[in-house]
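As structure tokens, the structure follows; a few thoughts come after it.
Throughout, read-outs are computed from the coordinates displayed, never taken from laboratory work. All values derive from a computational prediction rather than experimental measurement. Note: ideal-geometry Cβ built from the backbone for every residue, glycine included; neighbour counts use all protein chains shown.
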Amino acid sequence: LYVVRHAIAAERGPEWPDDDVRPLTEKGIARFKDGLAGLTWLDVALDEIFTSPLVRAKQTADLLAADIAGKAPVKLLPALAPGHAPEDVMVQLARAAKRRRIALVGHEPGLGELAAFLLGAKRPLAFRKGGVCRIDLQGLTGKRPGSLAWFVTRKMLRQIGNRNG
């Protein structure tokens, strides 16, 4: 399971009064794309990508789908929107997921709380924009905690991709 925070988005404010439709910035798109080479180097392949319905997360999921091995379809998972408990995400995911290599694209603080829930950690993980972690699980409905394989920032991904690309 790959947990991905959306890329850099437009600031909240008068131009974007509806938080649900705030898009990624050009800078956010470019920086996220730069980091995708690092995910390729890490041998990330995806069967399915689930995203929050908010525009910035959906745009990030589409960038991920276009570049990562597997050419996974992007599907909406409403529980990835802000304000949902990790348990809600996993219940919806268990119903919707059909494959095993899955990415979840969403927002903070929900993603950090979800990662902590999956790992059995007491504190949330802090995801920066464009950050990604891989958590290995026995199953989506299992009670055993997963294990953290790796956790990287977008900047780290870009550096990995530039050195090895």
- [ ] Enumerate the residues in segment 111-155 having an amide nitrogen under 14 Å from the point lying 7 Å beyond the Cα of Trp16 toward its Cβ.
- [x] 129-130
TODO: Grab every C-alpha pair in segment 70-118, bin the distances at 10 angstrom width from 0 up to the longest one, and report whole percents.
DONE: 25, 59, 16, 0
Open item on the list: Straight-line reach from Lys33: which lysines fall under 24 Å, measuring Cα to Cα and dropping same-chain residues less than 8 apart?
Closed with: Lys58, Lys71, Lys75, Lys129, Lys155
TODO: Provide, for q = 0.14, 0.21, 0.23, 0.26 Å⁻¹, the log10 of I(q)/I(0) from a solvent-free Debye sum over equal Cα point scatterers in segment 77-165.
DONE: -0.51, -1.07, -1.24, -1.48
- [ ] At 0.36 nm per residue, minus the direct Cα-Cα distance, what do Ala116 and Lys143 gain on full extension? Give it in nm, one decimal, please.
- [x] 8.4 nm
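If you count the DSSP beta bridges with both ends in the chain, what percent of them are antiparallel, to the nearest 5?
Bridges in the chain that DSSP calls antiparallel: roughly 45 percent.
Using only Cα atoms, what Kirkwood radius does segment 1-89 have, in angstroms?
13.7 Å
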TODO: Name the residues whose placed amide hydrogens come within less than 5 Å of the amide hydrogen of Ala9, ignoring near sequence neighbours (fewer than 5 apart) on the same chain.
DONE: Thr25
- [ ] Round to a whole angstrom and tell me the spacing of the C-alpha centers of segment 44-88 and segment 105-141.
- [x] 14 Å
Task: Dipole magnitude of segment 82-154 about its Cα centre (Cβ charges: Lys, Arg +1; Asp, Glu -1), debye to nearest 20 - done: 300 debye
Task: Dipole moment magnitude, nearest 20 debye, segment 1-158 about Cα centre, only Lys, Arg, Asp, Glu C-beta charged - done: 460 debye
- [ ] Filter the GluC sites (Glu not before Pro) in segment 1-42 to those in DSSP coil with at most 13 other Cβ atoms within 10 Å of their Cβ, and list the result.
- [x] Glu11, Glu15
Open item on the list: Suppose each label sits 7 Å from its Cα in the direction of the beta carbon; what would the Phe151-Asp88 distance come out to in nanometres?
Closed with: 2.3 nm
